[in-house]
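K.L.:
Got a structure here, written out as structure tokens. Questions coming.
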Amino acid sequence: MNILLVYPENPATFWSFKYALKFINKKANLPPLGILTIAAMLPKDWNLKLVDMNTSRLKDKDILRADFVFISAMNIQEKSAREVIDRCKELGVKTVGGGPLFTSNFDSFEDVDHLLLHEGEVCLPRFLDDLEKGAPKHKYGWEGFPQLTETPIPAWNLISPRKYAMMSVQYSRGCPFHCEFCNVVSLFGHTPRVKTAEQTIAELEAIYGLGWRGDIFFVDDNFIGNKQKLKTEILPRIIQWMRERNYPFGFFTEASINISDDEELMELMAEAGFDTVFVGLETVDEECLAECKKVQNSNRDLIQNVKHIQSHGLQVQGGFILGFDNDKVSAFSNMIAFIQNSGIVTAMVGVLTALKGTKLFDRLKKEGRLLDDFSASNTDINFVPKMPLNDLMDGYKNVVNSIYSPTNYYKRIKLFLKNYRPKKHARTRIDISYIGAFFKACFKLGIASEGYREFWKLLGWSLLKKPHVFVMAVKFSVYGYHFRKCMGDTANAVR
């Protein structure tokens, strides 16, 4: 059996880092972990080929050689996924669709031959059994959440790691919280399911064996969902493994704000090599937090929480949302002030989106406020907000243009780096691409950019005052170039 696995193209979004990747000559930020894991579950005697459309071109001859084309996609990749499906149909090759896009919007993909609408550990074996019997079904749905103890190591042999800026690992699925706008619980459950320490170390060892020495993203939606297991089993094993190999990796993950309440957990994560966490902060308004059931963020001094996490050697990236029913006109200026004062360099600001499978979607549907057209972007609102739409969008544009103006952005970098206290073992990994990126940055940001004065001031300050963070200063500057291009274009295009 010849199988073609396809990962559709990502548009230029905040997290794609498309414009920043050009500085280091990388094709994509992350490899397609989901479909690589699915590939490892397929029969060993099948012939597999992966085309990640973010790094390679999908050719008709690749499709025609395949008995089936497996497509895995997220909502943001819908346009590219649709184009792949249409090409397969024109060429007469059967398709198999899986991942969040198909699970959440299966009624829009009835022309896909076989839909695996839940996690691969559940759906794929049933599909393969039926395929062997000659009677595969059109849809394979939900039958409970599988444990992850049998999930295999991804088929890393199908990709070229050098094309990516980071590698990725998944340790857990699910989240203990019930935020109204989030579809993680509907997709992966309320009780976090985790891999064993042995599995986690085996996955790190596999990536180490590829020759990779750099950053790894733990893709968990909430890495600290099961804090006790992390502290007693997982992190101690990672610490031991990393020490034995002289810290070849730096880790980045997502966590809820209550990480700031646990000193031991933060210390262990930093000791294990974690240097960045993305935190869903959403809003600083208590009424909005109550509205969206973001209980873990309520009744806190969020700026102090952020600074406390930063003081443990963990950079905080923040997610923010505008468009809650309780948002007032002051929401825009309050958000700008919070982001600037917190030293959150990487701040993803979007408008509220009602995703299928969320309590927010169900509530707005009952209220008759849902809109039919939806682009799957978190800058495209798909319901009628309480605030006048023009006011909301104008306010959103103002927030984005303000926080990513060169003056404000470079101020945040300096504020963060002033207070940043990395662990002693943390070290910046410099390779040829980084050296080339520095000279590109000097030209694009130091000569051909409106913020060239701020760029040189930051580099001069870091060299004189904190030389050990000089590489980070350059890195953040390059990120800013991407954010200004991406978020500026998006803000000016929103309706």
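K.L.:
Find, to one decimal place in angstroms, the Kirkwood hydrodynamic radius of the range 432-493, where the mean of 1/r is taken over every pair of different Cα atoms and then inverted.
P.N.:
12.2 Å
K.L.:
I've got another one for you. Full extension from Arg369 to Asp113: what is 0.36 nm times the residue separation minus their Cα-Cα distance, to one decimal in nm?
P.N.:
So the extension gain works out to 88.8 nm.
K.L.:
Now for a different question. In straight Cα distance, which aspartates and glutamates are under 16 Å from Lys307, not counting same-chain residues fewer than 8 positions off?
P.N.:
Straight-line reach from Lys307, under 16 Å: Asp261, Asp262, Glu263, Glu267, Asp275.
K.L.:
As a footprinting exposure proxy, order Thr283, Thr253 by other Cβ within 10 Å, with the fewest listed first.
P.N.:
Ascending Cβ contact count within 10 Å gives the list Thr253, Thr283.
K.L.:
Classify the range 119-215 as rounded, prolate or oblate from the Cα gyration tensor: take a ≥ b ≥ c as the square roots of its eigenvalues, call it rounded if a/c is under 1.5, otherwise prolate when a/b beats b/c and oblate if not. Show your work: numbers first, answer last.
P.N.:
Numbers: a/c = 2.02, a/b = 1.24, b/c = 1.64.
Here the range 119-215 falls in the oblate category.
K.L.:
On a 27 Å Cα-Cα criterion, which of the cross-link pairs Lys294/Lys414; Lys163/Lys359; Lys293/Lys386 come out too long? If you can, show how the numbers build up before the last one.
P.N.:
Details: Lys294/Lys414 30 Å; Lys163/Lys359 38 Å; Lys293/Lys386 18 Å.
Result: Lys294/Lys414; Lys163/Lys359 exceed 27 Å.
K.L.:
Sticking with this one: Where both residues lie in the chain, what percent of DSSP beta bridges are antiparallel, nearest 5?
P.N.:
5 percent
K.L.:
For the chain, list the cysteines whose Cβ sits under 4.7 Å from no other cysteine Cβ?
P.N.:
Lone cysteines by the Cβ rule: Cys88, Cys123, Cys175, Cys288, Cys292, Cys442, Cys486.
K.L.:
Largest first and to the nearest Å, give the Cα extent of the range 2-140 along each principal axis.
P.N.:
51, 29, 29
K.L.:
A further question follows. Roughly speaking, what is the centre-to-centre gap between the range 38-87 and the range 459-489 when only Cα atoms are used, to the nearest Å?
P.N.:
Distance between centres, Cα-based: 36 Å.
K.L.:
Next question, about the same structure. In deg cm²/dmol and to the nearest 500, what is the mean residue ellipticity at 222 nm of the chain if only DSSP H runs of at least 4 residues count, each as -39500 (n - 2.57), divided by the residue total?
P.N.:
On the way: 19 runs with 205 residues, N = 495.
Mean residue ellipticity at 222 nm (helix-derived): -12500 deg cm²/dmol.
K.L.:
Right, something else. Ordered by packing density, taken as the mean number of other Cβ atoms within 10 Å over each peptide's residues, highest first, how do 200-211, 77-88 rank? Mind dumping the intermediate values first?
P.N.:
Numbers: 200-211: 16.3, 77-88: 19.2.
The most tightly packed comes first, giving 77-88, 200-211.
K.L.:
Just how far, in whole angstrom, is the range 113-164 from the range 1-21 if you go by their alpha carbon centroids?
P.N.:
Taking the Cα centre of each part, the range 1-21 and the range 113-164 sit 20 Å apart.
K.L.:
Let me ask something else about it. With just the Cα atoms defining each centre, how far is the range 179-227 from the range 310-344? Give it in Å.
P.N.:
After rounding, the separation between the Cα centres reads 26 Å.
K.L.:
If r is the Cβ-Cβ distance from Ser330 to Asp45 and R0 is 56 Å, what FRET efficiency results, to the nearest 0.05?
P.N.:
Rounded to the nearest 0.05, the efficiency is 0.35.
K.L.:
I've got another one for you. Select from Phe68, Ile339, Gly99 the residue farthest towards the positive end of the dipole of the chain; place +1 on Cβ of Lys and Arg, -1 on Cβ of Asp and Glu, and compute about the Cα centre.
P.N.:
Ile339
K.L.:
Hey, can you rank 234-240, 254-260 by average C-beta count inside 10 Å, highest first?
P.N.:
254-260, 234-240
K.L.:
So, one more: For the range 432-493, please report how many Lys pairs fall under 18 Å Cα to Cα, leaving out neighbours fewer than 8 apart on the same chain.
P.N.:
Lysine pairs meeting the criterion: 12.
All of the numbers you see were taken from the coordinates with simple rules; none came from a lab. None of the values given here were measured: they were computed from a predicted structure. Neighbour counts run over all protein chains shown; Cβ positions are idealised from the backbone, glycine included.
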